[in-house]
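Right, one structure below, let's go through it.
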Amino acid sequence: RLQKEREDAAIIVAAAEAALAAALEGTDEENAVDVSRKDAVQRGRLAREDFERRRAEHERAYDQINLRKRPEGDEMPRIAVSVYHSFGFESTKRNNLHYIAPDVVVFTVGNEVQTLHLVTGAQTYLHGVDGKGVGMVCVHPSKRILAVGEKGTDPNVYVYEYPRMKLRKIMRGGTERSYACGRFSPDGDTLATVGGFPDFWLTLWDWRTESIVLRSKAFSQDVFDVQFSPFFPGQLTTSGTGH
């Protein structure tokens, strides 16, 4: 989409500048008539500047290292060791396995988000930021974005760009202790998350602007899944203990 907008802005600028050049070569009367084309040039330049601003915003990435919690007590610093191979999988966690690319799945285990290539067995590891574990992961319809809801005191939702795993967005204030589940809307514009005990908040996010759109109590017990209706925009369904 950004590439298309960039091309459109370039076309507007080129056409407007060509029109202005032609007008300046004509008669005074023609120049008087076509002087408004200067406005077209200005609009084209503004369109280009707006595109560059939005592209810079899109490409902005957070510093994941500095965001991570510092070791407490006798904890070993993360830079002291690196993951060589993981044999873990949280099989008791619901909705913990998603396709993110052909032959590649993503899931959570402990304080990691892990990808696994089903053919080659290659793995990648994404460390949690808040340091108390990962509650949920969900994949954008484009398969180029994934959202990770963590655990801890006032944990955040972190949005990463796949496959570079650059941290692009951070959503704050969606739950008190942990995220239980999450889901992107079919059009990819909205992210729904559900918190765990004690609040069980259902929160709708405009994830691109990192802002809350709507919040409501989902239920009074554990919620395992939240889904957007593919037929009725604006309708969500949750499932869990007691419902």
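Each reported figure results from applying straightforward, stated rules to the coordinates on display, with no laboratory input. Keep in mind it's a predicted model, so treat the numbers as computed, not measured. Ideal geometry is used to build each Cβ from the backbone, glycine not excepted, and the neighbour counts take in all protein chains shown.
Panel values: the range 137-243, Kirkwood radius from alpha carbon pairs, Stokes-Einstein at 25 °C and 0.890 mPa s, translational diffusion coefficient 180 µm²/s. Here is the list for the range 154-243: trypsin sites (Lys or Arg not before Pro) lying in DSSP coil, each with at most 12 other C-beta atoms within 10 angstrom of its C-beta, are 164, 172. Just to confirm the filter: which chymotrypsin sites (Phe, Trp or Tyr not before Pro) across the range 73-173 are DSSP coil and have at most 10 other Cβ within 10 angstrom of their Cβ? Of the chymotrypsin sites (Phe, Trp or Tyr not before Pro), the ones in loops of the range 73-173 whose Cβ has at most 10 other Cβ atoms within 10 Å are 84, 87.
I'd like the chymotrypsin sites (Phe, Trp or Tyr not before Pro) in the range 213-243 restricted to DSSP loop residues with at most 15 other Cβ atoms within 10 Å, sorted by number.
Passing sites in the range 213-243 are 219, 231.
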